[in-house]
Amino acid sequence: MRSSNPVFSRGFRDNGYAGFGTGPQAGTATQGNPYASGPYAEPTNPYASNPYATGGPGLTQGAPAQPGVVTMDDVVMRSAMTIGLVVVGAAIGWATNLPIGVAFVAGIVAAVLGLVQQFKAKPSPALILGYAAFQGLALGIISKLYNHFVDGAPVQAVLGTIAVSVGTLIAYKTGVVRVNNRFYRVVTAAGIGFMLLMMTNLLFAAIGGGDGLGLRSGPLGIGIGVIGVLLGAAYLAMNFKEIEDGIAYGAPRESSWIMAFGLTMSLVWIYMEMLRLVSILQGDD
């Protein structure tokens, strides 16, 4: 099961969740699922013909959801668990004064768990919660290190992450941001390019020391940081779209885990980019 987030591609396209394996929920229109070949298969906005988007003709108001299908409550509960575990892990990492090497190892473990989840046919709560715990531990150690050099940077990064997330949700719900096939292709390509660029910068930093290609400092670092935040927001909008599609078309209840996983990864991405951006801006004062 793949996931749209800043590191991995997303969408229930390769594993039997394409089209979620069901039609619309009971009491709703019998019109075919426009996402039958993938959540972003339509070249234009799929909600132009989606009766679930506006409560249009064919939607029976107040109809109960089928048992065994995902609901918003499921997504909220799973997201609270994964994000809450990230916060707990971060608090432990902050409080225990662990060396930065532990953050590196924890980050690698989190990445491996995330990759394993991507290649599984179904979501694994153990893998997803393990990812959240190790990712949180790494974030706590890294955040404390940043705070040592720029006092208050983590708090500002958290506030920035909340602001970006709320702004993205508003832009998505009001139609300012439309997640269609073109949006998906552009954001995915940009995300891959961004990751490759950052890996190259890290490689040069490891070989030559300092900031490598200089992509994380000065005016160039500010520009890269802004791009990183915008990419994280774009992936978050794709998370919102997937959740909306899953609920509308009766995705299996277990898919709430992968939805929570995607949300968590996008929020972690935005926070890390915000932390770097705030540190550059405050460090230049």
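Where a number appears in this text, it was derived from the coordinates with a stated rule and is not lab data. Note that the structure is predicted; figures quoted are calculated from it, not measured. Counting neighbours? That spans all protein chains shown, and the Cβs are built from the backbone with ideal geometry, glycine included.
The figures follow:
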item	result
Segment 68-283: relative contact order as a whole-number percent, Cα under 8 Å and 6+ apart	33
Straight-distance crosslink candidates among lysines, where the alpha carbon sits under 24 Å from Lys122 and sequence neighbours closer than 8 are dropped	Lys241
Gain upon complete extension [Met77, Leu230; 0.36 nm per residue less C-alpha separation]	52.4 nm
For Arg253, net neighbour charge (Lys/Arg +1, Asp/Glu -1) across residues whose Cβ lies under 12 Å away	-1
Gain upon complete extension [Ala163, Gln282; 0.36 nm per residue less C-alpha separation]	41.0 nm
Sorted by Cβ density within 10 Å, fewest first, the residues Leu139, Leu98, Leu220	Leu220, Leu98, Leu139
Inter-centroid distance (Cα atoms) of segment 118-190 relative to segment 216-285, Å	3
Segment 93-202, dipole about Cα centre (Lys/Arg Cβ +1, Asp/Glu Cβ -1), debye to the nearest 20	520
Hull-based mean projected area of segment 68-283, where the convex hull spans the alpha carbons, in square nanometres	12.1
FRET efficiency, Ile92 to Ala206 (Cβ-Cβ, R0 41 Å, nearest 0.05)	0.90
R0 of 41 Å, Cβ-Cβ distance Ile192-Val155: FRET efficiency to nearest 0.05	0.85
